[in-house]
Amino acid sequence: MLLRSMALPLLCLAAAALASAEAAPAPAAKNEPQVEMGQVREARVVSIKTSIWIDADPQTVWDHAVKDFDGWWPHCYKPDSHVFIEPWTGGRIWEQFGPEGEGGLYGNVLYLDEPNIIKCDGQWGMGGAAVSGGLWRMEAQDGGTLFSTSGEIMGGFGEEMNVEARRDAQADILLRLKRFCEGGPRIDRAAELAEAEREAAAAKGDS
């Protein structure tokens, strides 16, 4: 279910009890609780729509995009983990770290109509209180499949959201899925993470 614009319910305290977001909390006596309250902010909503044509039929795209999510999805909390979409209503979209249930939850499946539509919501690896909701749609077109997404992100983010960077990231995800559905190799998240760390270290050394 797509998220609609709304204000987050926030607890209002007396002004005298609110500490400045920039100021460090006063030292607390030993064994006394220490609480720091940030500034009250309004939630914002950003809508995102994407699409790409894939040279494969809708069932093939569904099998790769949904049932073999681990083969193309780039995000991971830890290297050498695995990511899954449980293909049923109420199923988890999650990353597994170990055999005893260790992992991270990206979201949940709200609606599933194979091989046409899957609706999901969740944090999808975003930090803070940000959440998103939307759908993936697979439609036969010109001998292949038009894969499209539409959804919204809601949270307490402000001007710090880099819209251009997010647009580029969404385009990269679409291209990864297209290559995978059209016979490309499986993603190696551990290798990509190691390469990103090397590039970050090199950039830090050059600065």
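Pick from the range 162-200 the residues that are loosely packed, with under 14 Cβ neighbours inside 10 Å and in a loop (DSSP other than H, G, I, E, B): which of them is nearest to the chain's Cα centre (by Cα)? If we take residues in the range 162-200 being loosely packed, with under 14 Cβ neighbours inside 10 Å and in a loop (DSSP other than H, G, I, E, B), then 162 is nearest to the chain's Cα centre (by Cα).
Scanning the range 57-90 for residues that are out of contact with any Leu (no Cβ under 6 Å at 6 or more places or on another chain) and more than 19 Å from residue 172 (Cα to Cα) yields a count of 16.
Give the residues of the range 78-100 that are out of contact with any Cys (no Cβ under 8 Å at 6 or more places or on another chain), within 19 Å of residue 193 (Cβ to Cβ) and part of a strand (DSSP E or B), sorted by residue number. Scanning the range 78-100 gives 82, 84, 94, 96.
Close Cβ contacts (under 6 Å, 6 or more residues apart or on different chains) running from residues in the range 44-65 that are under 19 Å from residue 142 (Cα atoms) to residues that are surrounded by 14 or more Cβ atoms within 10 Å (Cβ to Cβ) and of a type in the set (Lys, Arg) comprise 52/178; 54/178.
Kindly establish whether residue 135 is modelled with pLDDT of 95 or more and either out of contact with any helix residue (DSSP H, G or I) (no Cβ under 9 Å at 6 or more places or on another chain) or within 23 Å of residue 82 (Cα to Cα) (or both).
yes
There is at least one residue in the range 61-69 that is touching a Ser or Thr at 6+ places or on another chain (Cβ under 8 Å), modelled with pLDDT of 95 or more and farther than 18 Å from residue 132 by Cβ. Looking across the range 95-149, the residues that are out of contact with any Asp or Glu (no Cβ under 7 Å at 6 or more places or on another chain), farther than 26 Å from residue 190 by Cα and of a type in the set (S, T, N, Q) come down to 116, 141, 148, 149. With respect to (1) over 25 Å from residue 175 (Cβ atoms); (2) under 14 Å from the mean Cα position of the chain (by Cα); (3) of a type outside the set (Gly, Ala, Ser); (4) modelled with pLDDT of 90 or more, the lone exception for residue 154 is condition (4).
Note on the range 179-207: residues that are among the charged types (D, E, K, R) and in contact with a Gly (Cβ under 8 Å, 6 or more places away or on another chain) amount to 1.
All conditions but one from (1) within 20 Å of residue 45 (Cβ to Cβ); (2) not in a loop (DSSP other than H, G, I, E, B) apply to residue 128; the one that does not is (2).
The values are calculated or read from the model by the stated rules, or taken from the named source; none is laboratory data. Here the structure is a predicted model, which means the values were calculated and not measured. Note: ideal-geometry Cβ built from the backbone for every residue, glycine included; neighbour counts use all protein chains shown.
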